[in-house]
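Participant: Dumping the structure here so I can ask a few things about it.
Read the figures in this text as sums done on the coordinates, not as results from a lab. None of the values given here were measured: they were computed from a predicted structure.
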Amino acid sequence: MQHKTMTKLVVKVDLETTANGGPDGTSPEAHWRNNRVLLCGWVSNLNGIRINLSVNSLCDEIQNNIDLGREVLLVAHHAKFDLKYLMRDRPDVEWERVEIWDTMTWEYRNSGHFTKFSSLEDTAKKHG
């Protein structure tokens, strides 16, 4: 009997989006339909760097790996923001089966709460 090794899919993602306000022009949130993804960039341990104009290829990769029985870890800076877009645009993905790591929250906690929430660029620069 052969034993198959299941590789965990680790995906690092960053979305570039519009940031328009809601009906009254405030609160630029993903749940307002007038906001959309402009660019989706990600890299995974199973595939190289990928860039697309929508989240569809990324979401397909995530769901395909779930279907194969792999664990999926999504790493993002301010993950809540990216997840709003991902979940809104692709509700068919089994998001409850995806583990999430948020580098912005990690940096905030690791800093001892002495700094404001750090940008992705500042966090990457600080940690090389």
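Participant: What shape does segment 20-98 have by the C-alpha gyration tensor, where a ≥ b ≥ c are the square roots of the eigenvalues, rounded means a/c under 1.5, and otherwise prolate means a/b greater than b/c and oblate the rest?
Facilitator: Note, shape of segment 20-98 comes out prolate.
Participant: Pairs of Cα atoms under 8 Å, at least six residues apart: use those to get the relative contact order of segment 6-91, whole percent.
Facilitator: 36 percent
Participant: Please list, in order along segment 61-72, the HN-Hα scalar couplings obtained from phi with the Karplus expression 6.51 cos²θ - 1.76 cosθ + 1.60 (θ = phi - 60°), rounded to whole Hz, x for Gly and Pro.
Facilitator: The phi angles translate into 4, 4, 5, 4, 6, 4, 4, 7, x, 7, 6, 10 Hz.
Participant: Of the cross-linked pairs Lys12/Lys80; Lys12/Lys126; Lys8/Lys125, which ones have a Cα-Cα span greater than 21 Å in the structure shown?
Facilitator: As for pairs spanning more than 21 Å Cα to Cα, those are Lys8/Lys125.
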